[in-house]
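Laboratory data are not the source of any read-out in this text; all were calculated from the coordinates shown. Quick caveat, the model's predicted, so the values are computed rather than measured. Positions of Cβ are backbone-derived with ideal geometry, glycine not excepted, and every protein chain shown enters the neighbour counts.
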């Protein structure tokens with residue numbers, strides 16, 4: 001049996017998700033300026049994509065049922 005002497009093995013640090021960043025600037029004339037800054041993780045992008053997909057699919061179902069002709 002081999003006995004190791006020294007400090008216990010280190011546990012790896014949990015990785016922090018790397019955020020995606022975006023900056024937008026919109027000017028209209030000399031006096032109006034809008035600035036926007038956004039920071040989101042990959043998981044957040046995936047969640048937004050899922051929400052948008054669900055909204056588009058439900059809209060398609062609603063349009064399909066509202067335009068369907070009733071049976072006589």
All positions within segment 18-43 that are surrounded by 10 or more Cβ atoms within 10 Å (Cβ to Cβ) and touching a helix residue (DSSP H, G or I) at 6+ places or on another chain (Cβ under 9 Å)
19, 20, 40
Which ones in segment 19-57 are free of Cβ contacts under 8 Å to residues at least 24 places away in the same chain, assigned to a loop (DSSP other than H, G, I, E, B) and at negative phi?
19, 30, 31
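Is there a residue in segment 2-17 that is under 27 Å from the mean Cα position of the chain (by Cα), surrounded by 10 or more Cβ atoms within 10 Å (Cβ to Cβ) and in contact (Cβ under 8 Å) with a residue 12 or more places away in the chain?
Yes, segment 2-17 contains a residue that is under 27 Å from the mean Cα position of the chain (by Cα), surrounded by 10 or more Cβ atoms within 10 Å (Cβ to Cβ) and in contact (Cβ under 8 Å) with a residue 12 or more places away in the chain.
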